[in-house]
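Quick notes on the structure that follows.
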Amino acid sequence: MTPDEANEQHLDTEQIAAYLERNMTPDELPRVEAHIAECERCRREALAATRILGMRARRWWLYAGAPLLAAVVASILLVSQRDTETPEQVFGADATVRTSADEGLLQVTIVAPAPGSAVGVGNRTFRWRSLGTDVLYRFTLTNQEGEPIFTGDTSDSALTLPGEVVLEPDARYFWRVDALLPDGRSATTRMLDFQTTR
Amino acid sequence: MRSPLPPELARLLDAGDSDSRDQAWGAFVRKHSRILFHAAKSTTDVYDDAMDRYASVLDRLRECDFRRLRRYASDGRTQFSTWLVLVARRMCIDYHRARYGRRSPDAGDGPPSDATATRRQLVDLVGARIDIEAIADGARPSPELALRAEELSQALVNALSDLPARDRILLKLRFEDDASAREIATMMGFPSPFHVYRRLTAVLDQLRRYLESHGVGDPTP
């Protein structure tokens, strides 16, 4: 397959943009949806654009070294960017976690394990305060590198890791709970951490 | 129907002399540098690389008398910011390929998709339990287990292929691309993340019923 043939198989910029804005004719939409359903590249391109455009509402400060900017664009206004934050600084480590006022999210209050606590590998149950009835919670567990280990949905205010999820001793893990309320509002714990004992 | 041009773009493309063009370009960059940098950062984990890509995007947007921007002006039917983000990302991917070869950072924005992990999640969610690890890591399963795994896998493939494209997109965004419900809602036009979860639950129930109707239930021998 030549590069040209490969390119012909993918959606062009205008098609993806039209899909994202739901600005397609009745004839175009089924064809584009069928392609996105099967094409990882185009689907992920659309998802990436969705994420980037969603960031526009947040404050984001750009900083670049003076020599580079001087060489590239003399007329750009420069402001600082946070690019040296540790995961803790980015995600926060409070049990009652702060939620971003900018994002307007409610908070999920953690019961156990406490952030930063040391737990045995046999302690596999995570608990949080219920936000009421008909709430759906999504639990996410990642390793220290941020790679997802387990994701599960529950309507309870607790979750026990299934047997096939193995926690290594003397390792650090991150977890979070996202909640979806019946009225469509979201709540979150942001990222929390714990350390398994030897 | 063509979208109206944003004023900074219209001013740039209509600029006559070089001074006006430079001023208009400066205004254009000030307006859009943020999303252009986000687009560059989305294609690399390395900050310096992102800056290089961002600079490359600006160069390419400016070349040939803003040829790419004029293309939007001539037939853009979507919002300029949406179009610009997609164009900028593609430029960054071209930049990446020129430096590192054909493997694109956009074979996903993160690690490559894991078909085994995806299948495992779907299997778990539709109620079947089999020892995926025994298969995924190359261990030789028992003949019965291998047969059940193959049977379940094929049934899942058939069930998925029968779903409408929109539901397949939903499943893949959730389980292959690890998109949040909020992101899925935005991308696919659901009214809220709650609607995403509701549709997801309905699709998984549908898959479960399909598997049961085709004789794929509890795989325990």
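If R0 is 25 Å, the Cβ-Cβ spacing of residue B:202 and residue A:38 corresponds to a FRET efficiency of close to 0.70.
Between the beta carbons of residue B:195 and residue B:17, assuming R0 = 41 Å, the FRET efficiency works out to 0.20 to the nearest 0.05. With the simple spin-label model, which puts each label point 7 Å out from Cα in the Cβ direction, the residue B:30 to residue A:197 separation comes to 6.0 nm. At a probe of 1.4 Å, how much accessible area disappears from chains A and B on forming the pair, both sides counted, to the nearest 100 Å²? Chains A and B together bury roughly 5700 Å² of accessible area.
At a Förster radius of 22 Å, what calculated FRET efficiency corresponds to the Cβ-Cβ distance of residue A:153 and residue B:150, to the nearest 0.05? For R0 = 22 Å, the calculated efficiency reads 0.20. Per-residue SASA remark: residue B:166, around 80 Å² accessible (1.4 Å probe; ligands, DNA and RNA not included).
Across the stretch B:47-58, rounded Karplus estimates of 3J(HN,Hα) from the backbone phi angles (6.51 cos²θ - 1.76 cosθ + 1.60, θ = phi - 60°) give 4, 5, 4, 4, 5, 4, 5, 4, 5, 4, 4, 4 Hz, Gly and Pro being marked x. Counts of other chain beta carbons within 10 angstrom of each beta carbon in peptide B:48-60 average 2.
The values are calculated or read from the model by the stated rules, or taken from the named source; none is laboratory data. All figures in this text were calculated on a predicted structure; none of them were measured in a lab. Note that each Cβ is placed from the backbone with ideal geometry, even for glycine, and that neighbours are counted across all protein chains shown. Side chains included, ligands, DNA and RNA excluded: accessible areas come from the protein's heavy atoms. Shrake-Rupley method; radii C 1.70, N 1.55, O 1.52, S 1.80 Å.
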